[in-house]
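One structure below.
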């Protein structure tokens with residue numbers, strides 16, 4: 001009787017999991033396997049042609065014109081990662097400490113800090129595109145009050161990428177802030193009170209006591225920031241377009257891959273071979289670096 005009950009329970013669990021399994025198989029696993037196979041093939045328009053081995057990989061890494069586009073996009077992704085790691089996560093750490101101090105209205109502030117995170121990246125992109133508009137944007141209106149001339153933030157190749165990074169930081173700063181806050185709340189009150197009695201200032205608390213003890217939270221934040229920075233697509237696509245305007249100043253690997261595989265307004269050519277090679281290289285790079293960084297950061301947690 002018990003075995004029959006276990007069998008019915010297992011069958012019911014299988015029925016519930018089957019739709020999710022089919023979706024994952026059809027929209028995640030199969031496209032990944034197909035992309036890996038296409039990376040070693042040549043394409044005649046949309047038709048698979050012949051096997052070319054590693055030629056597609058060599059083209060996107062070393063041969064003109066693909067190599068120049070690849071390394072330019074990669075450089076921009078590195079800039080995004082460094083900026084978000086330092087500015088976004090640094091600000092998130094300070095915001096988490098401010099929320100930890102439970103100042104008046106801190107619960108409302110928690111909601112305000114996290115609220116932009118629940119917004120769609122598409123909405124955030126269009127919102128900041130309006131804010132940064134050179135004629136009627138809020139940013140130029142505020143800088144105009146300070147005596148500065150209007151500036152085409154997204155039209156200047158010196159400020160376009162920084163403007164999108166700033167919008168991304170505004171969008172996501174609440175997420176690492178709450179992760180850091182959760183880590184800080186796990187620190188015992190006795191530890192914090194003992195440090196205060198020894199005369200520790202807020203700076204000492206942040207750098208010498210709290211930071212080592214939130215190592216697990218830092219591991220999560222750093223890993224997700226790295227993956228997100230090198231998977232960057234929605235925000236630059238909405239705010240700068242598929243070509244990484246102006247003049248490729250905002251081009252990143254996600255845009256470059258999509259443009260290569262599926263074409264764009266300026267180039268209607270679709271090259272699944274080189275696009276798949278880019279996708280495989282991106283996946284391998286992110287997977288390897290994430291695994292290595294996780295190993296190093298986990299070791300740091302144990303040593304602390």
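What to note about this one:
- Residue within the stretch 198-216 that is in contact (Cβ under 8 Å) with a residue 40 or more places away in the chain and within 16 Å of residue 74 (Cβ to Cβ) present: no
- Residue tally, condition within 17 Å of residue 235 (Cβ to Cβ) and either touching a strand residue (DSSP E or B) at 6+ places or on another chain (Cβ under 7 Å) or in contact (Cβ under 8 Å) with a residue 60 or more places away in the chain (or both), over the stretch 163-197: 12
- Here is the figure for the stretch 50-62: residues that are assigned to a loop (DSSP other than H, G, I, E, B) and exposed (fewer than 12 other Cβ atoms within 10 Å of the Cβ) total 2.
- Residue 105 meets all of the listed conditions (1) at positive phi; (2) crowded, with 18+ Cβ neighbours inside 10 Å but one, namely (2).
- Looking only at residues in the stretch 139-161 that are in a helix (DSSP H, G or I) and free of Cβ contacts under 8 Å to residues at least 40 places away in the same chain, the one that is farthest from residue 74 (Cα to Cα) is 145.
- First in the stretch 248-263 and at positive phi, second anywhere and at pLDDT 95 or above and assigned to a helix (DSSP H, G or I), Cβ under 9 Å, 6 or more apart: 248/72; 248/73; 248/76
- Complete set of residues in the stretch 121-138 that are more than 25 Å from residue 229 (Cβ to Cβ) and either at pLDDT 95 or above or part of a loop (DSSP other than H, G, I, E, B) (or both): 133, 134, 135, 136, 137
- Residue among 263, 244 that alone is out of contact with any helix residue (DSSP H, G or I) (no Cβ under 8 Å at 6 or more places or on another chain) and closer than 30 Å to residue 53 by Cβ: 263
- Any hit, the stretch 84-92, residues being at pLDDT below 90, within 30 Å of residue 163 (Cα to Cα), out of contact with any helix residue (DSSP H, G or I) (no Cβ under 6 Å at 6 or more places or on another chain) and surrounded by fewer than 11 Cβ atoms within 10 Å (Cβ to Cβ): no
- Every residue from the stretch 53-82 that is farther than 22 Å from residue 228 by Cα and out of contact with any helix residue (DSSP H, G or I) (no Cβ under 7 Å at 6 or more places or on another chain): 53, 54, 55, 58, 62, 63, 64, 65, 68
- Residue 95 at pLDDT 95 or above and in contact with a helix residue (DSSP H, G or I) (Cβ under 6 Å, 6 or more places away or on another chain): no
- Of the residues making up the stretch 176-215, those that are surrounded by fewer than 16 Cβ atoms within 10 Å (Cβ to Cβ), more than 22 Å from residue 106 (Cβ to Cβ) and within 29 Å of the chain's Cα centre (by Cα) are 207, 208, 212.
- Of everything in the stretch 1-49 that is modelled with pLDDT of 85 or more, in contact with a strand residue (DSSP E or B) (Cβ under 8 Å, 6 or more places away or on another chain) and outside any helix (DSSP H, G or I), the residue that is farthest from residue 281 (Cα to Cα) is 42.
The values are calculated or read from the model by the stated rules, or taken from the named source; none is laboratory data. In this text the structure is predicted, and so the values were computed from the model without any measurement. A quick note on method: Cβ atoms are made from the backbone with ideal geometry, for glycine too, and the neighbour counts reach across all protein chains shown.
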